[in-house]
Amino acid sequence: MYNQSEFGNLENYLLEKKLCKKTSCEQVLNTYIFTGAVEYKKHRFKKVSLFLINIFDEKALEIMSKMFFLFCVIISLITIVNILSNGYGDWFYITGIVFSVISLIISLFIQNVLEYYHDTFCKKCGKKLACEETGEPVMKETSSYGEYTLIVTRHWKCRYCGNADIRESQENIFAEQGEMLPEVSLKNIECNKCSETGTLVEIKKPDIKEIGRQRLTRRYYKCTVCGHEEINESEEIINRRKHIG
Ligand SMILES: [Zn+2]
Ligand SMILES: [Zn+2]
């Protein structure tokens, strides 16, 4: 699961990351701070969103999203009750399932439109579809012994009044501290500095972040012989279906 060949020491790690992803790392006492550039926010279904936002205001969109979610719940309940009581035939609950799924998709889609609404809404002049992203969005990760946090900073500017708005959030990125590896898993790893095998220990819990379907794990090691520290990052693709069933 973990790609041990990706080992690199802290300096190499920094060099590599600076070249390819513009990520830098600084260590203040026992806290590691990673700063890296990220891409502009991408929005799917832009045309339909623009169309809907031009017609409806925020409230209307919120009500619509809630209504479709309610439809989904009601239709699901009716279908379940019907299955349990062996009421109508197969066609009834197949239709029920199809309609509840469609309602759920529409509800989530409107949530997506609302996110676009909030991103582009200017709080100063009150115009919708006004803000555009400018500058360089940055992701800052802070990892200490007890905590791992992540924050994305984006700069937005209003096309009409020129108001600059700096927004910080974790967006939809899942971040947590993972579990350390069992000692057995460290036995075959070689120290990059003194070349001894099996001398590395994990010095703190790993950082785990999930962006979309990608899970990144960052582990911190130290050699007990030469004191050399290493940071290892590995990537894996999460199979969402596994979680659902
Ligand atoms: Zn404005
Ligand atoms: Zn060593």
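The values are calculated or read from the model by the stated rules, or taken from the named source; none is laboratory data. Just so it is clear, the structure is predicted and the values come from calculations on it, not from any experiment. Here the Cβ positions follow ideal geometry from the backbone for every residue, glycine too, while neighbour counts run over all protein chains shown. Accessible surface areas use protein heavy atoms only, side chains included; no ligands, DNA or RNA. Shrake-Rupley method; radii C 1.70, N 1.55, O 1.52, S 1.80 Å.
Quick notes
- Gyration tensor verdict on the stretch 62-161 (Cα atoms; rounded if a/c is under 1.5, prolate if a/b is larger than b/c, oblate otherwise): oblate
- The stretch 58-120 - accessible surface per residue (Å², probe 1.4 Å): 64
- Comparing Cα centroids, the stretch 193-238 and the stretch 95-138 end up 37 angstrom apart.
- Local electrostatic count at Met64 - Lys and Arg +1, Asp and Glu -1, tallied over other residues with Cβ under 12 Å: -1
- Highest-first arrangement of 133-141, 210-218, where packing means the average Cβ count within 10 Å: 133-141, 210-218
- Rg(Cα) / (2.2 N^0.38 Å) computed for the chain, rounded to two decimals: 1.37
- Value of relative contact order over the chain, rounded to a whole percent, pairs C-alpha under 8 Å and six or more apart: 18
- Accessible surface of the chain [probe 1.4 Å, protein heavy atoms]: carbon and sulfur percent: 58
- Per residue of the chain, the DSSP helices (runs of n ≥ 4 H) give a summed -39500 (n - 2.57) that works out to -11500 deg cm²/dmol at 222 nm.
- Helices of the chain meeting both criteria, an alpha-carbon length of 27 angstrom or more along the long axis and an average Kyte-Doolittle score not below -1.0, with helices taken as full DSSP H segments, are 58-84, 90-120.
- Neighbours of Leu181, meaning other residues whose beta-carbon lies under 10 angstrom from its beta-carbon, give a summed charge of -2 when Lys and Arg score +1 and Asp and Glu score -1.
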